[in-house]
Structures are given as C-alpha cells and as structure tokens.
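Beneath this line is the structure, given in structure tokens, with notes to follow.
The values are calculated or read from the model by the stated rules, or taken from the named source; none is laboratory data. Computed from a predicted model, the values in this text were never measured in an experiment. Here the Cβ is made from the backbone with ideal geometry for all residues, glycine too, and neighbour counts use every protein chain on show. When the accessible area is computed, the model is the full protein with side chains, heavy atoms only, and any ligands, DNA or RNA have been set aside. Shrake-Rupley method; radii C 1.70, N 1.55, O 1.52, S 1.80 Å.
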Amino acid sequence: MRFALLAASAATATIVAVSTALPAVAGDGAQKPIEAIVPAFAQPQTASDVVPERVDLVALGGIASDSTRFLGSDGYAEYWVGRGNAGNVCLIMAVKGEAQVVASSCATITNFYRQGIGLVAGADPKEPATSAEAYLLPADITSDDLGLGMQARSSAQATHDSLISLRPGSNEGVRTIERHDGSSFRFAPVSAALGDR
Amino acid sequence: MVLAKMQEQPSLQCEKLQPIQMDQRRRRRHSALITAVLAGLFALIATPVAQAAVYTYANNVSTGENVTRYSGLRSEIRGGDGNLEPYSVDGANPYVILETYHPAPGYRTIGFSQGVPPVAMIHTKATSAHQKCRWDWPWSSGSIGSLKLTCKTR
C-alpha cells in the first residue's frame with residue numbers, strides 16, 4: 001500500500017515536472033526553454049498579471065492562475081498569456097462590452113513555435129466594433145517579419161512585442177517565414193467567417 | 001457506616017447519570033444520522049446540478065467541414081468550448097467556431113470565439129439560449145473529409 005502510494009506520488013511528480021519544468025520545444029530541431037519562446041514567462045507574476053475574478057481560468061482550458069501574464073490592451077480587449085492543460089500555451093482575451101466575453105485558444109509548445117496562436121472573439125461577428133482579433137507570436141517572430149501593415153493593426157498598448165492585435169476582417173494573408181534553424185513559421189490569420197448558419 | 005455510604009455514593013451517582021448520558025448519546029447519534037442523511041441528499045441533488053453545468057452536444061463526433069452541431073435550447077449558457085482531432089498540413093490548422101445565440105426571429109449572437117482548437121469562451125449568463133459549433137478549413141477549396149469534433153456548453 002505504501003509502495004503504491006509512493007509510486008503514484010512519483011508518477012504524479014514526473015508528470016508535473018514534464019509538463020511544467022521541462023517545457024522545451026522538441027519539434028523543428030529546436031530545444032528552447034519556454035521563456036525563450038514566450039518572454040513574458042521569464043518575469044515573475046505581478047498583481048497586474050492576475051486576471052479579473054470573473055475570468056474562469058478552469059473553463060478556459062485549465063489555465064493555472066499563477067501562470068498568467070498581462071500582454072497588453074487596446075480599445076477592444078485585454079490580453080494575457082497563460083499555461084493550460086499539459087503545459088499548453090494559451091492566449092486569453094477579455095473583450096470589452098456588455099456580454100463580457102472572455103475567450104482562449106491553446107497550443108502545444110511545438111505548435112506554438114510553428115504558428116503562434118490566433119484568436120477572434122466578441123459579442124457579434126457582424127459588428128467588428130464588438131470583437132477583437134489577436135495573435136501571440138514566438139519571441140523570434142515580429143510583426144515586421146510578417147509585414148503587417150500598420151493600418152491593419154489596432155492601436156494596442158502592448159507590454160510585449162509578441163502580441164499583435166488586428167481589427168477583425170482585416171483580411172491579412174498567409175505568410176511563411178523561414179528561420180535560421182531551418183524550421184519555418186506560418187502566420188495564418190483567423191478569418192471571422194461567422195454568421196447565421 | 002460512613003465509609004460504606006461514601007462507597008455507595010459513586011454508584012448511586014452513576015445510576016442517576018447513566019440515563020442522562022444515554023439520552024445525550026442517543027441525541028448525538030440522531031443528529032449525526034440526520035446530518036449524514038442530509039449530506040447524502042445534498043450530494044444526490046448537487047451532483048446532477050454540477051454535471052448539468054457542462055453539457056456535451058457533440059462528443060467526438062465525425063463532422064464534415066462547416067457542418068454545424070447544435071446544442072438545442074438550453075435553460076442557461078455561460079460559455080463553452082470546442083475541440084477537434086489534430087489535423088495539420090504545412091503548419092496550417094482548421095479553425096473551430098463556437099457561438100452562443102438566441103435563434104430567429106430576431107437572431108442575436110451573445111458571444112463567439114474562433115481559433116485553432118482547443119477554443120473556449122465564457123460570457124454573461126444567457127437564459128433560454130442555444131449554442132452551435134463547427135470547424136472550417138479556409139486554406140484550400142477542396143474537402144479534407146471529416147474530423148472528430150467535440151463541443152460543450154457551460
């Protein structure tokens with residue numbers, strides 16, 4: 001019985017260690033710590049990084065409350081990054097407005113390194129003013145690399161360069177960027193193809 | 001004689017106290033039993049309520065592109081989440097689109113979320129509302145077949 005408990009504890013500790021303490025990118029030949037891919041995680045969490053009480057992090061992908069980091073805000077939403085189930089990287093977006101929509105999209109570290117995270121959310125897809133569109137990029141990819149026009153970008157007050165917020169419906173195209181390590185990054189904008197269907 | 005009286009007294013006290021103590025024990029047992037029964041009843045009631053908070057309307061269901069899955073009428077929706085079996089071509093992924101709404105007439109979206117799965121959202125409580133979800137592959141016009149879709153309301 002004691003052995004079984006010890007074995008279970010050891011297994012749990014291993015799972016926790018693998019999912020949190022060893023977040024390295026295995027794909028694309030890169031072996032980087034998570035802080036090198038998401039620099040926000042390199043800084044300790046401060047009071048301003050904590051999400052508002054109404055944001056149910058469990059419902060948004062089992063995001064650990066002590067992992068959230070504030071990325072910035074604009075006239076349409078506030079943005080955070082956090083660590084979800086199995087150590088996934090999650091982009092969290094709290095859209096301003098009556099509906100109080102908070103959305104998240106999560107990716108494995110490998111997928112995040114390859115394509116980042118894109119998310120569109122809001123109260124009404126037919127009214128862009130009630131919606132927000134944002135992208136979280138790995139540290140080595142910038143908006144200049146993507147060649148995103150400033151007109152497409154909203155006036156985000158980002159605290160991290162890795163966050164790009166666009167206006168829904170800006171219709172940016174797909175871009176592929178070759179990295180020095182031989183891997184590629186693919187920027188695939190989320191199209192707000194919603195409606196009554 | 002005095003000693004004998006003193007020795008008798010404790011036993012007399014015991015005889016006098018015993019019924020009171022037994023009464024107290026009985027009462028304690030009764031209250032413990034009532035507490036246990038109430039706790040059991042609460043668990044019976046609370047568990048289905050807690051389970052009802054999450055309603056799965058597409059459970060790993062093989063679904064074609066832009067084929068919509070519907071929750072039907074729900075008394076209360078506070079959000080939801082959508083997930084899709086992994087599928088990727090050259091780093092491109094399908095999107096999952098999740099939407100809570102009041103149906104026609106007067107169709108109105110309460111909240112929506114679109115992104116690479118898993119996607120989740122929460123919003124203000126919507127009563128007598130519906131939710132729907134689908135997946136989209138915007139990277140080529142050809143069909144990529146069916147993928148297993150999971151969608152839940154909260």
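Can you give me the number of residues within the range A:56-71 that are free of Cβ contacts under 8 Å to residues at least 24 places away in the same chain, assigned to a loop (DSSP other than H, G, I, E, B) and away from chain B (no Cβ under 14 Å)? Total meeting the criteria: 1. Count, please, the residues in the range A:87-145 that happen to be in a helix (DSSP H, G or I) and either under 13 Å from A:L71 (Cβ atoms) or within 15 Å of the chain's Cα centre (by Cα) (or both). Count: 8.
For the range A:36-47, which positions are open to solvent by 80 Å² or more (accessible area, probe 1.4 Å) and modelled with pLDDT under 95?
If the condition is that a residue be open to solvent by 80 Å² or more (accessible area, probe 1.4 Å) and modelled with pLDDT under 95, then A:Q43 is the only one that fits.
Output the residues belonging to the range A:95-110 that are modelled with pLDDT of 90 or more and at the interface with chain B (Cβ under 8 Å from one of its Cβ atoms). Residues satisfying the conditions are A:Q100, A:V101, A:V102, A:A103, A:S104, A:S105, A:C106, A:A107. Annotation note: of B:A92, B:A120, the sole residue that is in contact with a Leu (Cβ under 7 Å, 6 or more places away or on another chain), facing another protein chain (nearest Cβ under 7 Å) and not charged (D, E, K, R) is B:A120. Does the range B:129-146 contain at least one residue that is farther than 28 Å from A:R83 by Cα and under 21 Å from the mean Cα position of the chain (by Cα)? Scanning the range B:129-146, I find at least one residue that is farther than 28 Å from A:R83 by Cα and under 21 Å from the mean Cα position of the chain (by Cα), so the answer is yes.
Would you pick out the residues in the range A:72-93 that are farther than 15 Å from A:V38 by Cβ, within 11 Å of chain B (Cβ to nearest Cβ) and surrounded by 21 or more Cβ atoms within 10 Å (Cβ to Cβ)? Hit for the range A:72-93 is A:M93, nothing else. Inspect all residues belonging to the range A:135-148 and state whether any of them is facing chain B (nearest Cβ under 7 Å), modelled with pLDDT of 90 or more and over 22 Å from B:P117 (Cβ atoms). So far as the range A:135-148 goes, no, none of its residues is facing chain B (nearest Cβ under 7 Å), modelled with pLDDT of 90 or more and over 22 Å from B:P117 (Cβ atoms). A residue that is open to solvent by 10 Å² or more (accessible area, probe 1.4 Å) and either touching a Lys or Arg at 6+ places or on another chain (Cβ under 6 Å) or under 19 Å from A:S48 (Cα atoms) (or both) cannot be found anywhere in the range A:129-143.
Only one of these is over 20 Å from A:A121 (Cβ atoms), touching a residue at least 24 places away in the same chain (Cβ under 8 Å) and of a type in the set (D, E): B:E85, B:E99. Name it. Even if it seems obvious, please write down each step before you answer.
Details: B:E99 fails: over 20 Å from A:A121 (Cβ atoms).
Just one listed residue meets the conditions, B:E85.
Consider B:L98 carefully, then state whether it is closer than 22 Å to A:S105 by Cβ, touching an Asp or Glu at 6+ places or on another chain (Cβ under 8 Å) and not basic (K, R). Answer is yes for this residue.
Please indicate, with yes or no, whether at least one residue in the range A:58-69 is of a type in the set (V, I, T) and buried (at least 24 other Cβ atoms within 10 Å of the Cβ).
Looking only at the range A:58-69, we keep the residues that are of a type in the set (V, I, T), and these are A:58, A:63, A:68.
Filter once more, so that each one left must be buried (at least 24 other Cβ atoms within 10 Å of the Cβ): A:63.
Yes, there is a match, as at least one residue in the range A:58-69 is of a type in the set (V, I, T) and buried (at least 24 other Cβ atoms within 10 Å of the Cβ).
When A:G27 is tested against the conditions (1) at pLDDT 95 or above; (2) of a type outside the set (S, T, N, Q); (3) surrounded by fewer than 21 Cβ atoms within 10 Å (Cβ to Cβ); (4) touching a helix residue (DSSP H, G or I) at 6+ places or on another chain (Cβ under 6 Å), the lone failure is (1).
Within the range A:111-128, restricting attention to residues that are within 7 Å of chain B (Cβ to nearest Cβ) and among the charged types (D, E, K, R), the residue that is most open to solvent (accessible area, probe 1.4 Å) is A:R114.
One residue stands out among those in the range B:95-117 that are within 7 Å of chain A (Cβ to nearest Cβ) and open to solvent by 10 Å² or more (accessible area, probe 1.4 Å): the one that is farthest from B:G72 (Cα to Cα), which is B:V116. Cβ separations smaller than 7 Å between residues 6+ apart or across chains give the following pairs from the range B:124-141 residues that are within 11 Å of another protein chain (Cβ to nearest Cβ) and of a type in the set (S, T, Y) to residues that are outside any strand (DSSP E or B) and open to solvent by 50 Å² or more (accessible area, probe 1.4 Å): B:T124/A:Q100.
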